[in-house]
Structure formats: structure tokens, C-alpha cells
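Here is the structure we will look at, set down as C-alpha cells.
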Amino acid sequence: MRPTDAAAADATSVPAPAQAAPASAARQTALPQGYQLVTLPNANVPNFQRRTLYCPGWKRVLGGGAEAPGNDAILVGSFPTDDGRGWIGIGRQNAYRDVGISVFAICAD
């Protein structure tokens, strides 16, 4: 190893001490500027009924997901709307006629 390589290796092998940011600051900086996390809180709907969440204003959906919490709940589908402006969640319960569904979307300008 050349002397300059050893100096470079030494400089990069010691990590700088990490400083923890407050939780609220971490949440505020988790998404880049212009991006927004939008949520549709959990609500019961009949089995296989779609719950659709739309991005605010003229924003477009970049990604998303859905959740079917609860015993015996099954998430059947989670996908973007045809126009790219929102996210859809579909679920079912084996033992009940309705299911709780939450929907989440990451939206951007």
C-alpha cells in the first residue's frame, strides 16, 4: 500500500459520532420537499369494497400501500388508481362481512 493510500484508509475507517435528531425533526425531513405522505385511516367496509385515497391538489402518487389489520383479515389488493392520482386498498375477513382497511400514499408535485 502506498503512503497516500494508508492515510486515506485511516481517514475513512473511523466513523464520525452520530448525533440523534429529535423524532419530530426526523419525520419532517423523511420525505424530500414537494413530497407528501397521505393516509386514509382504518375504517370498516364490506368485504372486497375498494377504499380509495387521492393525492391532494395536482400531486401524483409515487407509491403506496394498504393494511387490513385484525384477526383473520386479508389484504386482497393494493395498487395505484388508473389515473395515477391515488391508491386503492381492498380486503376481506373470513369470519365477518366487513373488514378494516387503511390506505397510504406517497404523493409528489
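Taking 0.36 nm per intervening residue step and subtracting the Cα-Cα distance, what contour gain separates V76 from R97 on full extension?
Details: separation 21, 0.36 × 21 = 7.56 nm, distance 1.46 nm.
Between V76 and R97, full extension yields 6.1 nm more.
Relative contact order for the stretch 33-108: what percent, with Cα pairs under 8 Å and sequence separation of 6 or more? Walk me through the numbers before you get to the answer.
Numbers: 212 pairs, mean separation 34.7, N = 76.
Dividing the mean separation by the residue count of the stretch 33-108 yields 46 percent.
Taking the Cα centre as origin and putting +1 on Lys and Arg beta-carbons and -1 on Asp and Glu beta-carbons, what dipole magnitude results for the stretch 68-109, to the nearest 20 debye?
Roughly 160 debye, rounded to the nearest 20.
Mind sorting C55, C107 by how few other Cβ atoms lie within 10 Å of their own Cβ, fewest first?
C55, C107
Considering the options G84, W58, I106, tell which one lies farthest towards the positive end of the dipole of the stretch 33-108, charges being +1 on Lys and Arg and -1 on Asp and Glu at the Cβ, about the Cα centre.
In the stretch 33-108, that residue is W58.
Bear in mind that the values in this text are calculations on the coordinates, not laboratory data. Owing to the predicted nature of the structure, the values given are computational and were not obtained by experimental measurement. Methodologically, a virtual Cβ is constructed for each residue, glycine included, from the backbone with ideal geometry; neighbour enumeration extends over all protein chains shown.
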